Amino acid sequence: MNTKSMAMLTSINGSDHSQLNSLQKSLLNDFQKDLPLSPTPYADIAMQLGVTEAEVLETLQELQKHQIIGRVGPVFQPHRIGTSTLAAMIVPKERLQSVADYLSSLPEINHNYEREHHINLWFVITATSEAHLQAVLNEIAQNTGIKVMSLPILENYHLDFSFDLKWRNE
Amino acid sequence: MDNLTESEQRLIETIQGGLPLVARPYAAVGEQIGLTEAEVIASLAHLIQIGVIKRLGIVVRHRQLGYRANAMVVWDVPDAQVTAIGQQLGQFDGVSLCYRRARHLPEWPYNLYCMIHGKDRNAVLRDLDKLIAIYNLSHIPHQVLFSRRCFKQSGACYTFRSVTICLPQRAAGGG
């Protein structure tokens, strides 16, 4: 990646993405699934896009550095390995940051959001066993003194986890 | 819960934070856990085929790309209709996740959840209006919970033994 597009990345981070170059856009939109299972997946992608393997790797490293991509890796189907639940709490405003920081520090918690509702803190707990999940729920309730509402998944209706960035329409 | 072999568990623990961005990532992962490149590839293909891995690829952070508005819409659907309606919502273009969850009575009667992402609140609300009109859902009680702050967003972190080895991926905040 050249210096100019790196500078652009810094500026688009968190705002306008119209300045992403076409390689960045293709990688972000078209390779959210089916990473080639060949010894050289990035070279395969490069060949499809008509660029070099080095360009693909550099671009991915930059996108990761700027937190535009979280990782290149697996997304697991919930409940196939272990179990998870969506949990929610009513946290007084003045304690929100500290309770949220505590939750974020737990490795079992992978999503943690404040939402606009009187039930204001929503987080996902993932664990390899039901017993572990319960232990984490109990630990959170005990350490915060706040009641935790647990809302486990009963059925999944959405089967495609990739996200169309819709750049083709722009 | 699937019965995973010990080497599958090791593989999952090793790659859940991401594959290395090197020319031969599967060989690099194999080296860490005592598998050959071909064994890592075969094992990943198997985990994908049986559906344990939903997808393998680039995990995009929508917020960082300007998709800043994210609403969790919760619905209180009669139990007899929840599967049919859930399947419809799950196919709607703007919906990125759709689950039936246990109700938490009496304070939380909602049993169907969907996530709608958009560039701003109005885009999300327009999608929601469209969805309600298309599937005729105006009689179904629902609430819209926009996200205010993202404290953490990372992949699931599975630990099969005592040591946790996934890399934390903290959110950059804001939004």
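What follows is calculated from the coordinates using simple rules that are stated; it is not laboratory data. Keep in mind that this is a model prediction, so the values were computed, not measured. All Cβ positions, glycine included, derive from the backbone under ideal geometry; neighbour counts span all protein chains shown.
Quantify how strongly other chains surround peptide B:126-137 by giving the mean number of their Cβ atoms within 10 Å of each of its Cβ atoms. Mind showing how you got there, number by number?
Details: counts 0, 0, 0, 0, 0, 0, 0, 0, 0, 0, 0, 0.
For peptide B:126-137, the averaged partner shielding equals 0.
Any idea what % of Cα-Cα pairs in the stretch B:16-151 are farther than 20 Å? In whole percent, the share of Cα-Cα pairs in the stretch B:16-151 beyond 20 Å is 59. Note on B:Thr83 and A:Glu58: the model spin-label points, each 7 Å out from Cα along the C-beta direction, lie 5.4 nm apart.
Quick one: if the Förster radius is 22 Å, what FRET efficiency do A:Ile90 and A:Gln142 give, using the C-beta to C-beta distance and rounding to 0.05? Before the final figure, lay out each step's value.
Details: r = 17 Å, r/R0 = 0.75.
For A:Ile90 and A:Gln142, the calculated efficiency is 0.85.
Here are some pairs, A:Lys147/B:Lys152; A:Lys93/B:Lys54; A:Lys147/B:Lys54; A:Lys147/B:Lys130; which of them have Cα atoms lying more than 26 Å apart in this structure? Please report the intermediate quantities before stating the final value.
Values: A:Lys147/B:Lys152 21 Å; A:Lys93/B:Lys54 37 Å; A:Lys147/B:Lys54 33 Å; A:Lys147/B:Lys130 36 Å.
Long pairs (Cα-Cα over 26 Å): A:Lys93/B:Lys54; A:Lys147/B:Lys54; A:Lys147/B:Lys130.
With viscosity set to 0.890 mPa s at 25 °C, what whole-number translational diffusion coefficient in µm²/s follows for the stretch B:36-80 from Stokes-Einstein and a Kirkwood radius over Cα pairs? My calculation gives 170 µm²/s for D.
Using r as the Cβ-Cβ distance of A:Ser38 and B:Thr5, and R0 as 30 Å, what FRET efficiency do you calculate, to the nearest 0.05?
So the FRET efficiency works out to roughly 0.85.
With a cut-off of 8 Å between alpha carbons and a minimum separation of six or more residues, what is the relative contact order of chain B in percent? Walk me through the numbers on the way to the answer.
Working: 224 pairs, mean separation 41.9, N = 175.
Worked out over chain B, it gives 24 percent.
Each peptide among A:28-36, A:91-99 gets the average number of other Cβ atoms lying within 10 Å of its residues, and from highest to lowest they stand as A:28-36, A:91-99. Peptide packing: for B:85-96, B:126-137, the average count of neighbouring Cβ atoms within 10 Å per residue gives the ranking B:85-96, B:126-137, highest mean first.
Based on the Stokes-Einstein relation at 10 °C and a viscosity of 1.306 mPa s, and on the Kirkwood radius from alpha carbon pairs, the stretch A:88-151 is assigned a translational diffusion coefficient of 134 µm²/s.
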